[in-house]
Every structure is written in C-alpha cells, then in structure tokens.
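One structure is given below, encoded as structure tokens.
The values are calculated or read from the model by the stated rules, or taken from the named source; none is laboratory data. All values derive from a computational prediction rather than experimental measurement. Neighbour counts run over all protein chains shown; Cβ positions are idealised from the backbone, glycine included.
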Amino acid sequence: MLNDFVELLKNFHLNREFIVLIVSMMPIFELRGAIPLAVLHFKMPVLTAFMISWIGNLLPVLPIIYFLEPIRKVLSNIKCINRFFTWLYARTYKRSKKVMRLGAIGLSLFVAIPLPVTGAWTGSVVAILFDIKPQYAFPAIILGVTIAGIVVSSFVSLF
C-alpha cells in the first residue's frame, strides 16, 4: 500500500523530501512509515529523515485539535458522517482510556508507542475525547512524536 502511494506521488514528479513529508502527514503511515521510507528507500541520512518526518507528522495536529470537533458537530446531521465519527470516537476511546488516566503525560506515552494507531492523529482525537486543552495536548503530542521518531530512527539505523 505504501509503495503504491509513493509511486503515485513520484508520478507527480515530487522530490523525495516532499514525498517523505506527505507520507508522514498521512494518518495510516505517519512518521512510523516515513522514516523507514526515507532511509531505506530514498537512502536519506537518518537525521534528515527524522526531521522531515517529525515536521510532517506534527503539521496536522493543531488543525485536528482545533477543528475536528466543530466540523463533527456541523456535519453530524449527515447520517453516514455521523456514523463515521461515532465509530472513530468509540474506537479511539476504547483503545486509549487506560492511558488517559494520566492526562497529558498519558497522551505523550500513547503517541510515543511506535505501533499502528497510536500516533499523532489518534493522539489528537484522544485529546479531544478526553478534553485535554490544546495548550497541554500539543506539547504532549510533540513529546510523543519525538520519542516515537527516536525509536523508529534507532531501529531503522540498524539496517
């Protein structure tokens, strides 16, 4: 799936740095997919891969934290969209309620785990669900993304 997406982006004649940035912004891949892509596929230095992926992974966070809930409220009158948000929020809540007893620290730990569905996107939704104010959520997510990036970069540098 990632290879197909990267090939699609290459067809637009985007440079490798911009492709890595875009991949790191995607909710499925985030920096967990972008760093290995940059280092193993594009042969970028690990530090460059980390920085581009880190920036890209954090770009969607503030818009999600500030605008997802107002958008959900506006669009909740549309049945299929309301069903999607109900599913998204229930799934996120179920996966994160144990961690969220710790508030912003728990949010950092949740985002830091370099596994699928624990990144900045899900962390942003978690912040909304648990009513963690943006001034606490954003630094917590930054810390979590930084830790995840260090873990993934360390692992990728072994290859």
For this session: Report, by residue number, each residue of segment 101-126 that is crowded, with 17+ Cβ neighbours inside 10 Å and of a type in the set (Gly, Ala, Ser).
Result: ALA104, GLY106, SER108, ALA112, GLY119, ALA120, GLY123, SER124
Problem set entry | Matching residues in segment 20-36 - criterion: being among the aliphatic types (A, V, I, L, M) and either touching a strand residue (DSSP E or B) at 6+ places or on another chain (Cβ under 9 Å) or surrounded by 24 or more Cβ atoms within 10 Å (Cβ to Cβ) (or both) | VAL20, VAL23, LEU31, ALA34, ILE35
Problem set entry | Condition broken by LYS98, with the remaining ones in (1) among the charged types (D, E, K, R); (2) in contact with a Gly (Cβ under 9 Å, 6 or more places away or on another chain); (3) surrounded by 13 or more Cβ atoms within 10 Å (Cβ to Cβ) satisfied | (3)
Problem set entry | Residue within segment 127-141 that is in the same structural domain as LEU102 (by TED's automatic domain parsing), surrounded by fewer than 17 Cβ atoms within 10 Å (Cβ to Cβ) and not in a helix (DSSP H, G or I) present | yes
Seminar exercise, completed: Of the residues in segment 38-67, those that are farther than 30 Å from TYR89 by Cβ and crowded, with 22+ Cβ neighbours inside 10 Å come to ALA38, VAL39, ALA49, PHE50, ILE52
Exercise. Is at least one residue of segment 78-93 at pLDDT 85 or above and not in a helix (DSSP H, G or I)?
Worked result: yes
Exercise. Do any residues in segment 141-158 that are in contact (Cβ under 8 Å) with a residue 12 or more places away in the chain have Cβ atoms under 9 Å from those of residues that are acidic (Asp, Glu) and crowded, with 16+ Cβ neighbours inside 10 Å, where the two are at least six apart or on different chains, and which pairs are they?
Worked result: VAL145/GLU30; ALA148/GLU30
Exercise. Looking at ILE52, is it in contact with an Asp or Glu (Cβ under 6 Å, 6 or more places away or on another chain), in a helix (DSSP H, G or I), among the aliphatic types (A, V, I, L, M) and modelled with pLDDT of 95 or more?
Worked result: yes
Exercise. Which one of the conditions (1) in a loop (DSSP other than H, G, I, E, B); (2) modelled with pLDDT under 95 does MET44 fail to meet, given that it meets all the rest?
Worked result: (2)
For this session: For segment 16-35, state whether one or more residues are touching a Ser or Thr at 6+ places or on another chain (Cβ under 6 Å), of a type in the set (Phe, Trp, Tyr) and assigned to a helix (DSSP H, G or I).
Result: no
Exercise. Does segment 12-34 include one or more residues that are more than 19 Å from the chain's Cα centre (by Cα), outside the structural domain of VAL126 (by TED's automatic domain parsing) and among the hydrophobic types (A, V, I, L, M, F, W, C)?
Worked result: yes
